[in-house]
Protein chains: 2
Amino acid sequence: MDRYPFPVARVGIIGGGQLGRMLVKAAKQLGCSCIVVDPTPGSPAGQVSGQQIVADSHDPQALLELAEQVDVITFDIEDIDVAILAEIAAKGHHILPSCELLADIQDKLRQKRLLTRLGIPTADFIAADQVDTEQLADFGYPLVQKARRGGYDGRGVVVMKSAADAGQVLPVPSLLERFVPAEKELAVIVVRGQDGEVRSYAPVEMCFRPGENILDMLLAPARIEPQTAAAARRLATEAVTALGGVGIFGIEMFLTVDGKLLINEVAPRTHNSGHYTIEACITDQFEQHLRAITGLPLGVTDQMLPAAMINLLGAPGASGAPVIQGLRAALAIPGVSVHFYGKAQTRPFRKMGHVTVLDADIDRAREKAEQVRALLAIGGQNP
Amino acid sequence: MDRYPFPVARVGIIGGGQLGRMLVKAAKQLGCSCIVVDPTPGSPAGQVSGQQIVADSHDPQALLELAEQVDVITFDIEDIDVAILAEIAAKGHHILPSCELLADIQDKLRQKRLLTRLGIPTADFIAADQVDTEQLADFGYPLVQKARRGGYDGRGVVVMKSAADAGQVLPVPSLLERFVPAEKELAVIVVRGQDGEVRSYAPVEMCFRPGENILDMLLAPARIEPQTAAAARRLATEAVTALGGVGIFGIEMFLTVDGKLLINEVAPRTHNSGHYTIEACITDQFEQHLRAITGLPLGVTDQMLPAAMINLLGAPGASGAPVIQGLRAALAIPGVSVHFYGKAQTRPFRKMGHVTVLDADIDRAREKAEQVRALLAIGGQNP
């Protein structure tokens, strides 16, 4: 019979944001202890871990200090200096997903090239170190410029429909990608264990506000044909297997107007589109990630009830200490779960929390989530 | 529209055990901050709250210090000096459930008298300050002796079938209760808001090991007729309403062999029999308690899937740092969620965690829970 000491594993988390926070909660339940590295004292994850090294993710001393106190290191952000991680790994410390894979994924150009090499379908693209108008025109509109590094939550991505949009070009090393006329955008959460076992959750539908690159609502499961859902899960599983990843991966993809599936982006970490699993699934994405990186068996991925999820973003123009409007009204709606991330300061569009709505009828879940969005707002003391 | 600052409420918790720990997790999600009072540094709840006053629940200074830093005080234990709480309440601090109600409930004799006065059916009883053999014989066997104070997890309760058991008598102020031949023991989790709204979860079935007073397994929902389930919910609701309680209450009751429902005991706090709600319900008992005591609207109590729950007790004879046996094997069973409480030392029969198993078929859930019980054991470094 297997035997574990207590804690079952000491887990180091680089990045102490909301993903780390939810990971810490799952970790403690599973008998693991956590140390978080984050530059903000009392970070969202640090508030629940009880142990935080206050340093940024590029600080070699801090990361080594972390490594020496834990059994396995993981991360809730991608913007980490992989050279530092490689040195730590070379000393025999465990980092999952691996720093080689993180290096391949955190640079969107390398990610695209790798996926292409592995035979995973993605939109056509070219590298573009210094983008100029001529290059844009040569590639042809409509196109998408993606910064190679540091993009997040829609930042670092510009859609250009025609030459009239060329003025929005980002002055950074990028890739140019063919704009994909998508019927829907989907995300599949995949977990892969150290033994190579892979499991996926049902595809979720990512709804964006027209003309904006910010996620508006997430519907789980996606409103697509069963054979499309099965194909999306197969593709996501194939991608994570080909990448050799261990842990949770968020696989964003396009369902094109002609019914094809193309992978848009791979996130080597727990993913915003998987938050609904906390309420809707027996084993959520955070516990799955921990099971995978600590070598425990994977959990089930079945969904108990349909879900709609919205992010709670800081209101435009508001900053300072948060002021929550409409909380009572939102919580009065049956099936609503509100998650706050413990951030002491709000800023316009900052992710301050999220709301999951469960309902046996997904259309009713969506309607309730829309009601919540109309009711609940995160203002600030500096309005 | 309603407006809340952040944190939404500062919650003080007297007692930092597992109930407090799960309460803190729910509180942080709901945007509340928590301070825990517990004599053990790094208590289960203190590990996640980030703020603990190291003191025991009878320390007037510590409780006043707590009161001055929070908006509302609640508790995860009943063994609190209510005179101290009354003084704090008199200064205008909020304590929920109220200290008057806690005083009535923490003394089992007062609790029985109150329930009787309110017309709530319970087993017949008499007060017994100093129990002697003659009094036992006069009352008549079979009977149950219950200590007025300090009973917990089966401690402070002795079942005497005949005069041969009289030697087990507890030398403490007690009540003697008619032994109830029960078909089943049930528990109903009830939440009551500040506005008097009451909601109940479906009755759960408490299965005890033959001849022992320790909970063996909990099945949710209970395997009883729908009309019995409805009657149990009505009775539990009636009791909490009559008591005027605010927050979560665990109402234990007997279903007698002749089909009657008698309340056995009222717990003025989140309850072991409600742990299954974490996975099986959208709004769990911990979030419900917080919603109630902070004046937020109550959540839904519907159950998504049947559940079986077992407590993880320290193995007999084992002590010291825990050694967990069979964790991998247990987690490999589909639908198993393991909860550890973060206790650094095990002792025989100490509650170290619990396991919830969800399955669409409650009999399969029960079988899986039995498998987990056979596989998973909490040994100690001092075996």
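The values are calculated or read from the model by the stated rules, or taken from the named source; none is laboratory data. Quick caveat: nothing in here was measured; it's all calculated off a predicted structure. Quick reminder, even Gly has a Cβ in these numbers, built from the backbone with ideal geometry, and neighbours come from all protein chains shown. Side chains are part of the model used for accessible areas, which takes the heavy atoms of the whole protein and leaves out ligands, DNA and RNA. Shrake-Rupley method; radii C 1.70, N 1.55, O 1.52, S 1.80 Å.
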For this session: Could you tell me the distance between the Cα centroids of segment A:112-162 and segment A:317-358, to the nearest Å?
Result: 34 Å
Exercise. From the label point of B:Ala360, set 7 Å along Cα to the beta carbon, how far off in nm is each other copy's matching point, shortest first?
Worked result: 1.5
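What part of the accessible area of segment B:239-383, given as a whole %, is carbon or sulfur when the probe is 1.4 angstrom?
On the way: 2020 of 4070 Å².
The nonpolar share, carbon plus sulfur, comes to 50 percent.
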Exercise. Using a 1.4 Å probe, what is the accessible area per residue for the protein assembly as shown, in Å²?
Worked result: 37 Å²
For this session: State the volume of the convex hull built on the alpha-carbon positions of the protein assembly as shown, expressed per residue in Å³ and rounded to an integer.
Result: 160 Å³
Exercise. Inter-copy label distances at B:Ala242, 7 Å along the Cα→beta-carbon direction, one decimal in nm, shortest first?
Worked result: 6.8
For this session: Kindly give the distances from A:Arg209 to its copy-mates, label point to label point, with each label point 7 Å from Cα along Cα→Cβ, as nm values to one decimal ordered shortest first.
Result: 5.9
Problem set entry | Estimated buried accessible area (total), pair A and B, 1.4 Å, Å² to nearest 100 | 4400 Å²
Problem set entry | Magnitude of the charge dipole, chain B, Cβ model with Lys/Arg +1 and Asp/Glu -1, debye to 20 | 640 debye
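Over all residues in A:24-35, what is the mean tally of Cβ atoms on other chains that come within 10 Å of each residue's Cβ?
Working: counts 2, 5, 0, 0, 9, 12, 7, 10, 2, 2, 0, 0.
Across the residues of A:24-35, the mean count of other-chain Cβ atoms within 10 Å is 4.
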Seminar exercise, completed: Rounded to whole angstroms and listed largest first, the alpha-carbon spread of segment A:177-262 along its three principal axes comes to 42, 27, 25
For this session: Grab the residue from chain A whose Cβ hugs the A-to-B rotation axis most tightly, plus its distance in whole angstrom.
Result: A:Met304, 2
For this session: Evaluate peptide A:283-296: per residue, the Cβ atoms of other protein chains within 10 Å of its Cβ; return the mean as an integer.
Result: 2
For this session: Return the carbon/sulfur percentage of the accessible area of segment A:10-95, one whole number, probe 1.4 Å, all protein chains in place.
Result: 51 percent
Exercise. Scanning chain B for GluC sites (Glu not before Pro) in DSSP loops with at most 12 other Cβ atoms within 10 Å, what's the longest stretch left with none?
Worked result: B:1-196
Exercise. Along segment A:158-174, what does the Karplus equation 6.51 cos²θ - 1.76 cosθ + 1.60 (θ = phi - 60°) give for ³J(HN,Hα), rounded to whole Hz, x for Gly and Pro?
Worked result: 10, 8, 10, 7, 7, 4, 5, 8, 4, x, 7, 4, 8, x, 9, x, 9
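Given +1 on the Cβ of Lys and Arg, -1 on the Cβ of Asp and Glu, and no further charges, what dipole in debye does segment B:182-382 carry about its Cα centre, rounded to the nearest 20?
Numbers: 19 positive and 21 negative charges, 128 e Å.
Result for segment B:182-382 is approximately 620 debye, rounded to the nearest 20.
Determine the shielding of peptide B:102-113 by partner chains: average, over its residues, the number of Cβ atoms on other chains within 10 angstrom of each Cβ.
If you average over the peptide's residues, the count of other-chain Cβ atoms is 0.
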Seminar exercise, completed: Expressed in angstrom and ordered largest first, the alpha-carbon extents of chain B along the principal axes are 60, 52, 47
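Tell me the net charge near B:Thr237. Cut-off is 11 Å between Cβ atoms, B:Thr237 excluded, with +1 for each Lys or Arg and -1 for each Asp or Glu. If you can, show how the numbers build up before the last one.
Numbers: positive: B:Arg192, B:Arg199, B:Arg233, B:Arg234; negative: B:Glu197, B:Glu238.
Computed value for this residue: +2.
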Seminar exercise, completed: Placing +1 on each Lys and Arg Cβ and -1 on each Asp and Glu Cβ in segment B:247-289, then taking the dipole about the Cα centre, the residue among B:Thr277, B:Gly250, B:Ile263 whose Cα reaches farthest towards the positive end is B:Ile263
For this session: Could you tally the net charge around A:Met253, taking each other residue with its Cβ under 9 Å from the Cβ of A:Met253, Lys/Arg +1 and Asp/Glu -1?
Result: -3
